[in-house]
Structures are given as structure tokens and as C-alpha cells.
Amino acid sequence: MTTFSRIDLPATGDPWIQVDLRSDGGVADCVYLLGVAEINALNAAMAAGRPLLVRGEPGVGKSQLARAAAKLMGRVFVQHVIDSHSESRDLMWTFDAVRRLAEAQLAGAIRQDPETIRQELDVSRFIQPGPLWWAFDWEDAVAQAKLARGEIPVQRDGCDWSNGSVLLLDEIDKAEAEVPNGLLEVLGNRAFTPMGRGKPVYASGRLPLVIITTNEERALPDAFLRRCLVLRLDLPKGEKELEEFLFQRGQAHFSGASKEVLREAAKLLYQNRYRAISARITPLPGQAEYLDLLRAVLGLETDDEKQMEMLEIVGQYTLKKNVDMGTKN
């Protein structure tokens, strides 16, 4: 019998849980504020055994939600970014035909005996585990990766497979309808059989928490939507609400920064966002641009007064990404 774990709600009076993620020195967010709505959606998806489809504009924190959930529950985190060339099979396994051909040519050139060639060129030795394989059965995927000389996903947050897995399938709206439809079959059966293997890969132990994101670039099939739980992440629409929302995240990411700088950056972003909405210009500056603005300003200046002066200068490059919005000379 499979079991599911759950994420506890924040302590009474707290609006969120702050999840600190390990940074590799890049620009990816190393802090995530997990609110009550997100926690309830994650718990519901695990209890129902369904994938959680996360909708919302780019840069609002959809992808980081999955990693934050994995960190909180101590689960291994598996990520796969979908593009226009993705096929549903890629989510389960891939076949390295190029390497197999190269090894076949090498075996022929050195005149190996036929039995050795058959063993060395067995299809199973060229099958790489896909993200669903890792999420369903980590130990089996490790064994297959070693057989096929593949790589094991790095766990930056030090999580353990015995606690289960969180699988992030990012930007599913970039794929053709075959991908979400094929995904439904695998998640419904909780099993699949890779090419060259005599036994299926099953979802063992705790069911994986599958989180799928979309930027709404393409409509998803109705059958797929019916079998998902859906969470929409939106930025607050009101001026004060948005500025407070951004300020709180600024404090979490840049705890040593001046409150005045954080609030002024939030006001500046709201002004540019409102202007873009009024002019029907996309993309809209949002949370990601706010954090980029602060990251640049705080990196350029250490004095609070100079940081305030730099906000307008740097804002030209972080908040005005469409030519129609113009820039100051």
C-alpha cells in the first residue's frame, strides 16, 4: 500500500514557511516563501494521487515551488524542462542509438567474437532513465544509469529517496498534445515498460508528487486538465498589496538590504507593471524582475543612498524589456 506525506501549515499567525535552498552560486532563487494556498494544493495533490498543474505568468515562482516542496519533505527532486521537440517517451526513457552504432562499428573493426558483440550491444545497455523512471523507482534508475553509463541527478538539497520524490515537469505548454496525453496514461497506470527490458518500472513506496507548470502559451487537452489538480499563482493586483508582496520577498532574499531600498524597488516595479498592463505590452515585469533589480543594485553599490539612486538606472534594463516601453536617456 502506498502512503503519502504532508506538509504542515505555518504556525498560527505566520503567512508562510520560508524554505532555504542551497545555491550553486548562480542567479536562481535560494529562498522560497511557501504560503497556505500552495501548501494546501500540494497536500491535496499528494492525497489524491494526482499531478498538480501550476499556472501563472513567467517569473512568479512556479518552478521553485516544486524544489521547495521536495526540500521540506526531504524528497529527492527530479526536474525536466519540456520543449517543442519533447515526446512522451522522453519522460520515461531515451535510447542512445548514436552510441550504440559507434560501439557496433568499433566492435566490427577490432573483430570481436559474435557472442561478445551481442552482449555489448544489448539494447538495455543504451537505455537512459527518464524523469518518470527516477521519480517512480530511484534505486532501479540508478542501476540502469550505471548499466548505460549515464548520470545520476544531483541532489543539491541533500534529500533522500527513501522519503519519496518530487518530479517537476516544466513548461508543458511548449509540447504537442501527445506529451500530456501520454503522460496521463503513465501516471494512471503508475508503470511503464522501457524498450529492451522484460519487466515494467513501477511507482514503488510513496507515490511521487508530480508538479507540472504552464505559462499558458498553448491550451492543454481537456482530458489532461480533468486529471490534474490546479493551482494558479498570481501576483496581487492592487498597488499596496503588490508592493507589500514584493517587499516581503525582498527581505527574505536580501536580509541585509535597507527597507527603504526594498520598498522603493517595489514601487518602481509596480509603476512599470501598471504602465505595461495599460499599454497591453508583454512580458509584464514581475517578481523575477524585482529580484533581478535588487540583485544588480545591491551588487553595484553598498551605500543605501547610492543604491536608491541606482534603482532608476538599473530599472531601465531590468523592468523595461519591451521596446514599446522605452528607456530614459
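The values are calculated or read from the model by the stated rules, or taken from the named source; none is laboratory data. Just so it is clear, the model here is predicted, and its values are computed rather than measured. When we count neighbours, we look across all protein chains shown, and the Cβ atoms used for this are built from the backbone with ideal geometry, even at glycine.
Annotations
- Residues (part of a helix (DSSP H, G or I), touching a residue at least 60 places away in the same chain (Cβ under 8 Å), surrounded by fewer than 22 Cβ atoms within 10 Å (Cβ to Cβ) and of a type outside the set (A, V, I, L, M)) located in segment 122-170: SER124, ASP140, TRP161, ASN163
- Scanning segment 251-263 for residues that are crowded, with 18+ Cβ neighbours inside 10 Å and at pLDDT 95 or above yields VAL261, LEU262.
- Flag if GLU243 is of a type in the set (Asp, Glu), crowded, with 19+ Cβ neighbours inside 10 Å and over 30 Å from ILE82 (Cα atoms): yes
- When the criteria are applied in full, LEU235 meets the requirement of being more than 28 Å from GLY130 (Cα to Cα), of a type in the set (A, V, I, L, M) and touching a Leu at 6+ places or on another chain (Cβ under 8 Å).
- Residue among ILE313, ILE277, ILE281 that is of a type in the set (Val, Ile, Thr), surrounded by 15 or more Cβ atoms within 10 Å (Cβ to Cβ) and at negative phi: ILE281
- Residue check, GLY196 in a loop (DSSP other than H, G, I, E, B), more than 17 Å from ARG67 (Cβ to Cβ) and not assigned by TED's automatic domain parsing to the domain that holds ALA70: no
Yes/no matrix, rows are residues, columns are (1) outside any loop (DSSP other than H, G, I, E, B); (2) out of contact with any Ser or Thr (no Cβ under 8 Å at 6 or more places or on another chain):
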site: SER204; (1), (2): no, yes
site: THR213; (1), (2): yes, no
site: ASP234; (1), (2): no, yes
site: LEU242; (1), (2): yes, yes
site: PHE247; (1), (2): yes, yes
